[in-house]
């Protein structure tokens, strides 16, 4: 076996070497712990050259800071007045689950869609591409009811227009 430098206890950036690990791509590797608490296996040459100084948390912090500087916070929740058709329906599914898990509020058969309740207080035009000028949405998930396709079309009064050109109705 070839000789190698024992790095146990040494610190490289945010990484502290704990023990020798299994070889990685034929090279000596070390099990390290990061200051964030993560444990990673890193090749010795990457530790000694400075190529690896954290588990990846440092890069994530730099990325978050840069995005904040640009005003683009990742995974931020949009205010209610900025959400569109897809985000509104994503909220409904996140809160209520799939419509197919419910019965249609009108006829009792298995529901297929979430449909905006008649007279929903927060309803507003969806806007955006491909939504149609008559499409209304609400940022409030409680403003939606499960409906089958037939009852959904009757409720919305569009007679199934959402199925033209391969688009699904709400």
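Would a scan of segment 140-157 turn up a residue that is over 14 Å from residue 88 (Cβ atoms), at pLDDT below 55 and surrounded by fewer than 18 Cβ atoms within 10 Å (Cβ to Cβ)? No, the conditions are met nowhere in segment 140-157. Filtered by the rule that a residue be over 25 Å from residue 61 (Cβ atoms) and touching a helix residue (DSSP H, G or I) at 6+ places or on another chain (Cβ under 6 Å), segment 1-35 gives a lone residue, 28.
The values are calculated or read from the model by the stated rules, or taken from the named source; none is laboratory data. Computed from a predicted model, the values in this text were never measured in an experiment. Cβ: placed from backbone, ideal geometry, glycine included. Neighbour counts: every protein chain shown.
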